[in-house]
1. Report the full-extension gain for the segment Thr82 to Thr43: residue separation times 0.36 nm, less the Cα-Cα distance, to one decimal in nm.
2. With only alpha-carbon atoms in the gyration tensor, what are the semi-axes of the equivalent ellipsoid for region 61-123, in Å, largest first?
3. Apply the a/c threshold of 1.5 to the C-alpha gyration tensor of region 38-87 and tell me whether it is rounded, prolate or oblate.
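Each reported figure results from applying straightforward, stated rules to the coordinates on display, with no laboratory input. Everything quoted here is computed from the prediction, not taken from an experiment.
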Amino acid sequence: MHANPIHPRRMAAVLLVLVVAVSLAACSREDKILTPVVSGPVTWTNTVRHLLTDRSEGTTPTGCTSCHHPGTGIPDWSDYDTVVSKAASIRSRLSTIGDTMRGFLKPGEPEIVVAWIDAGTPR
């Protein structure tokens, strides 16, 4: 007796899952930490502004200003005063594992922004 072959739809679904998994692994930001590494106190000028800036890598936006920029109707994270006025909300969201906002920053960067907020948002 012949074994039933895998149904084409099931095979397509398995292949799709594999392609997505490989793509996500290839897009991992684990090895793309903040460059250059910050030394000294973290300030808006020397660190945070750069973290929030759109640093798109291919088709994947990184940095908050890929969405949060003038003309979008949402807060402009490229503006120091706006970011400071929303610091409590930003801190809360960046402190929540799984919040989608964290996905636009590279590993370790949400913690840098939270530490900057905790330090009083130095300019």
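1. Numbers: separation 39, 0.36 × 39 = 14.04 nm, distance 1.53 nm.
Taking Thr82 through Thr43 to full extension adds about 12.5 nm, to one decimal.
2. Equivalent ellipsoid semi-axes, largest first: 17, 15, 10 Å.
3. Values: a/c = 3.18, a/b = 1.16, b/c = 2.74.
It is oblate, given that a/c is not under 1.5 and a/b is not larger than b/c.
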